[in-house]
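The values are calculated or read from the model by the stated rules, or taken from the named source; none is laboratory data. These numbers come from a predicted model, not from an experiment. With ideal geometry, Cβ positions are generated from the backbone for all residues, glycine too; neighbour counts draw on all protein chains shown. In case anyone asks, the SASA skips ligands and DNA or RNA and just uses the protein heavy atoms, side chains included. Shrake-Rupley method; radii C 1.70, N 1.55, O 1.52, S 1.80 Å.
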Amino acid sequence: MNEERFGEFVLVRRHEYVAELVLDRPKAMNAVSTAMARSLGAATQALAADRDARVVVVTSSHERAFCVGADLKERNSFSDADLMKQRPVARAAYTGVLELPMPTIAAVHGFALGGGFELALSCDLIVADRTTVVGLPEVSVGVIPGGGGTQLLPRRVGAARAAELIFTARRVEAAEAHELGLVDHLVDEGKDREEALALAGRIAANSPVGLRAAKRALRLGHGLDLRAGLEVEDAAWRTTAFSGDRAEGVAAFNEKRAPRWPGE
């Protein structure tokens, strides 16, 4: 297993075809400072270009938190000009996770609040342990969710439920979060990383061309009418139909062996 550090607060570990993106600012419970946001942007840009990474798992090095959101201590020192200057850096961090072309999984424990929950929402799947507490409390400090929360949460749980959670700024504990669909898999305490990596391994056994095309179809087709969505699906299918992965997948099936994906 090799590791690559992006700045002081973000680490990428390689587990064969699974890349683990580690939030590593434990002294601040992974609060997203300008420096950390810049590192997240750089790490996701590198991962997006990595053809060997079939799945990305976002994890935390802090034992009691996934991420508590924006660094409000840093923000308290900002002038209006500072805040405007930071905004594109912060947006690049969240959209960097959201726009990764391969499947992504968040492994969540403890607090995932504000921007921390938005990082998890930017992933395709969320695995959470029983210590998890999620929420978008931004209106309680005079702003709104600005890392994708107002758009990603209703896509998960519907407009009315998202409105209630955002307007009340309330925190939601693990069992209710799972019941409401705020997280996808609820696992035993301390097992979120292990279970997320295991799930990523199962996903990574499949065609990398197929995985990326399926994600593209899911993302681009969401919200379109059925006819337009089927056109998106057809375009994604065409990128797989004449690929080396499709040829290998059919051959492996007929020869009753595990596929050796060329990834192209």
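Of the residues that make up segment 172-194, is at least one open to solvent by 70 Å² or more (accessible area, probe 1.4 Å), out of contact with any Asp or Glu (no Cβ under 8 Å at 6 or more places or on another chain) and more than 24 Å from LEU136 (Cα to Cα)?
yes
Of the residues that sit in segment 252-261 and are touching a Pro at 6+ places or on another chain (Cβ under 9 Å) and open to solvent by 30 Å² or more (accessible area, probe 1.4 Å), which one is nearest to ALA205 (Cα to Cα)?
If we take residues in segment 252-261 being touching a Pro at 6+ places or on another chain (Cβ under 9 Å) and open to solvent by 30 Å² or more (accessible area, probe 1.4 Å), then TRP261 is nearest to ALA205 (Cα to Cα).
Does ASP129 satisfy the condition of being closer than 21 Å to ARG91 by Cβ, of a type in the set (D, E, K, R), in contact with a strand residue (DSSP E or B) (Cβ under 6 Å, 6 or more places away or on another chain) and touching a residue at least 60 places away in the same chain (Cβ under 8 Å)?
Considered against the rule, which asks whether it is closer than 21 Å to ARG91 by Cβ, of a type in the set (D, E, K, R), in contact with a strand residue (DSSP E or B) (Cβ under 6 Å, 6 or more places away or on another chain) and touching a residue at least 60 places away in the same chain (Cβ under 8 Å), ASP129 comes out as no.
Those residues that are closer than 17 Å to ALA214 by Cβ and of a type in the set (A, V, I, L, M, F, W, C), I need them from segment 251-262; list them, please.
In the first step, residues of segment 251-262 are kept if they are closer than 17 Å to ALA214 by Cβ; the result is 259, 261.
Result: TRP261, single match.
Working carefully through the options ALA35, ALA42, ALA46, ALA19, find the one that is modelled with pLDDT of 95 or more and either outside any helix (DSSP H, G or I) or charged (D, E, K, R) (or both).
Sole residue among the options that is modelled with pLDDT of 95 or more and either outside any helix (DSSP H, G or I) or charged (D, E, K, R) (or both): ALA19.
GLU3 fails exactly one of the following numbered conditions: (1) in contact (Cβ under 8 Å) with a residue 24 or more places away in the chain; (2) among the acidic types (Asp, Glu); (3) open to solvent by 70 Å² or more (accessible area, probe 1.4 Å). What is the number of that condition?
Unmet condition: (1).
Answer yes or no: is there a residue in segment 74-88 that is open to solvent by 50 Å² or more (accessible area, probe 1.4 Å), of a type in the set (A, V, I, L, M) and in contact with a helix residue (DSSP H, G or I) (Cβ under 9 Å, 6 or more places away or on another chain).
yes
Within segment 191-248, which helices (runs of 4 or more DSSP H) (wholly inside it) include 1 or more residues that are in contact with a strand residue (DSSP E or B) (Cβ under 6 Å, 6 or more places away or on another chain)? Can you show your working first?
On the way: elements: 192-204, 208-221, 226-241.
Passing ranges, in order: 192-204.
In this structure, does ARG13 turn out to be assigned to a helix (DSSP H, G or I), open to solvent by 50 Å² or more (accessible area, probe 1.4 Å) and modelled with pLDDT of 95 or more?
No: the conditions fail for ARG13.
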